[in-house]
Every structure is written in C-alpha cells, then in structure tokens.
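*Asks:* Here it is, the structure in full.
Please treat every number below as a calculation from the coordinates, not as lab data. From a predicted model like this one, the values you see are computed outputs, not experimental measurements. All Cβ positions, glycine included, derive from the backbone under ideal geometry; neighbour counts span all protein chains shown.
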Amino acid sequence: MGDENLEEKISENPNDDQTQGEEVRRLIEEIDSLKEENSGLKQQLNEYENLAKRAMADYDNYKKRMEKEKNELVRYSNEKLILDLLPIIDNMERAIESFKDNDSFKDYYEGIKMVLNQLYKMLEKYEVKEIIALGEEFNPYLHHAIAQVEDNEHKSNTVVEVLLKGYTLGDKVIRPSLVKVAK
C-alpha cells in the first residue's frame, strides 16, 4: 500500500483517536508483513537467479563437452580403416625389402615403392605417424617388448630391434611398436 492510502485512512476518522491508533497499528503490521513477504520474495528471486546461472553454466559445459567429443569422433573416425591398412603397408615394406637387391624385380620394386609412398602421404594427411623406436629408451606406452637380449653396444632398457613398426593417430597410440630391448 502507498503512503497516500495511509494518509486517507488516518484522515477518515479525525475525531476517534483510539480508532485511529488501532488503524495505524494495523497498517504498520500490514506494512511489516509486506516487508517480510518482499524480503522472502527477494531471497527466492536470488535462489532462482542462482539456479538459472548454474543451469546456464551446466549447459555451456555440456555444449563444450559435446563439441570436444564431436571433434574427437571426427579425428579418430578413421582409426579402424587405418588399422586395417597397416598390415598391408607392412607387407609392402617386406616386399620392397626382398626386391631391393634383385635386378630382375627392379620394376616391381619401383612400382611397390611408388604405391607405398602414396600410402605414407595418405597416412601423413590423417596425422598418422610412425613411432620412432630403434635406439630409443623403452617406453611401455609406445612399445611392446617381446624379448630382452644381451647387448653390450646399448644401454640397458634401450630398443635394439624393431620387429613391427608402431603408429600414432594424432596423440593416440593406435599400434605400439613390437621391439626387442637390451638387458
């Protein structure tokens, strides 16, 4: 209620002081009650504002998480195809190695080498990289040791032979290198 209504109610009965006093007390109580209600509504409004802010923050986090998952899905969607291509590349590398010193297979050597180079470029395009292992310290996250050998030329725990190349896709190891490690 506004102050004008209070003045009107007080001036309606100027002769009756007791009635006016009771009316003033009633109006004061009503004002106090409205102030309490207003305070409660402000508190409730603050709670709703906080809930809305939390919901907005949760939604923003959700959007960021979904965007990250989408980017990872796109980035790693070719992983299975690449894993299926790697044994073919391994076999082509073996074929090249066997043709390398034989003059009668020189044309085969050149043809397979050309195709293999195209495959290497394709892998590079999709951020597939060979794990460099030979001469490196053994790393269980990058290498899979299948044997330990006595070797006086290398320090202990050094990769001395790579039996199968390993590869990463971006920052993810998709196939660890199979290696022999010095004792």
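*Asks:* Skipping prolines and chain starts, which residues have an amide H placed within reach, meaning under 5 Å, of the one on GLU161, given they are 5 or more residues away or on another chain?
*Replies:* Residues meeting the amide H criterion: LYS180.
*Asks:* For the chain, take the longest principal axis of its alpha carbons; what is the angle in degrees between that and the long axis of helix 106-125, to the nearest 10 within 0 to 90?
*Replies:* In the chain, helix 106-125 runs at an angle near 10 degrees to the longest axis.
*Asks:* Mind giving me the FRET efficiency for LYS63 and TYR126? R0 is 22 Å, r the Cβ-Cβ distance, nearest 0.05 is fine.
*Replies:* With R0 = 22 Å, the Cβ-Cβ based efficiency is 0.25.
*Asks:* Here is a follow-up. How about the range 81-164: which trypsin sites (Lys or Arg not before Pro) there are in a DSSP loop, with at most 13 other Cβ atoms within 10 Å of their Cβ?
*Replies:* Answer in residue order: LYS100, LYS155.
*Asks:* Just to be sure I understand: of the beta bridges DSSP finds with both ends in the range 128-183, what percent are antiparallel, rounded to 5?
*Replies:* Roughly 65 percent of the beta bridges in the range 128-183 run antiparallel, per DSSP.
*Asks:* Still on this model: What is the angle, in °, between the Cα long axis of helix 79-99 and the longest principal axis of the Cα atoms in the chain? Nearest 10 is fine, range 0 to 90.
*Replies:* Taking the Cα atoms of the chain, the angle to 79-99 is about 20 degrees.
*Asks:* Restricting attention to the range 112-183, which chymotrypsin sites (Phe, Trp or Tyr not before Pro) occupy a DSSP loop and are surrounded by at most 11 other Cβ atoms within 10 Å?
*Replies:* TYR141
*Asks:* Could you tell me which GluC sites (Glu not before Pro) in the range 140-183 are loop residues by DSSP with no more than 14 other beta carbons within 10 angstrom of their beta carbon?
*Replies:* Listed in order of number, the matching sites are GLU150, GLU153.
*Asks:* Just to be sure I follow the rule: in the range 128-183, considering lysines 8 or more places apart or on different chains, how many pairs have Cα atoms under 20 Å apart?
*Replies:* For the range 128-183, qualifying lysine pairs total 5.
*Asks:* Give, in nm to one decimal, the length gained when the segment between GLU136 and VAL24 is fully stretched (0.36 nm per residue of separation minus the Cα-Cα distance).
*Replies:* That pair, GLU136 and VAL24, stretches by 31.1 nm at full extension.
*Asks:* Between the helical axis of 17-76 and the dominant principal axis of the chain, each derived from Cα atoms, what acute angle in degrees is found, rounded to the nearest 10?
*Replies:* 10
*Asks:* Pick the calculated Rg and Dmax of the Cα atoms in Å for this structure from [x] 23.9, 70; [y] 40.0, 131; [z] 15.4, 45?
*Replies:* [y]
*Asks:* Right, something else. Would you work out which of LEU169, PHE99, SER77 lies farthest towards the positive end of the dipole of the range 68-183, given +1 charges on the beta-carbon of Lys and Arg and -1 on that of Asp and Glu, about the Cα centre?
*Replies:* Going by the Cα projections, it comes out as SER77.
*Asks:* Taking K and R as +1 and D and E as -1, what net charge do the other residues with C-beta under 15 Å from the C-beta of TYR108 add up to?
*Replies:* Neighbourhood net charge equals -2.
*Asks:* Continuing with the same structure: What residues have an amide H closer than 5 Å to that of ARG175, excluding those fewer than 5 places away on the same chain, when H is modeled at 1.01 Å from N in the peptide plane?
*Replies:* It is TYR167, by chain and number.
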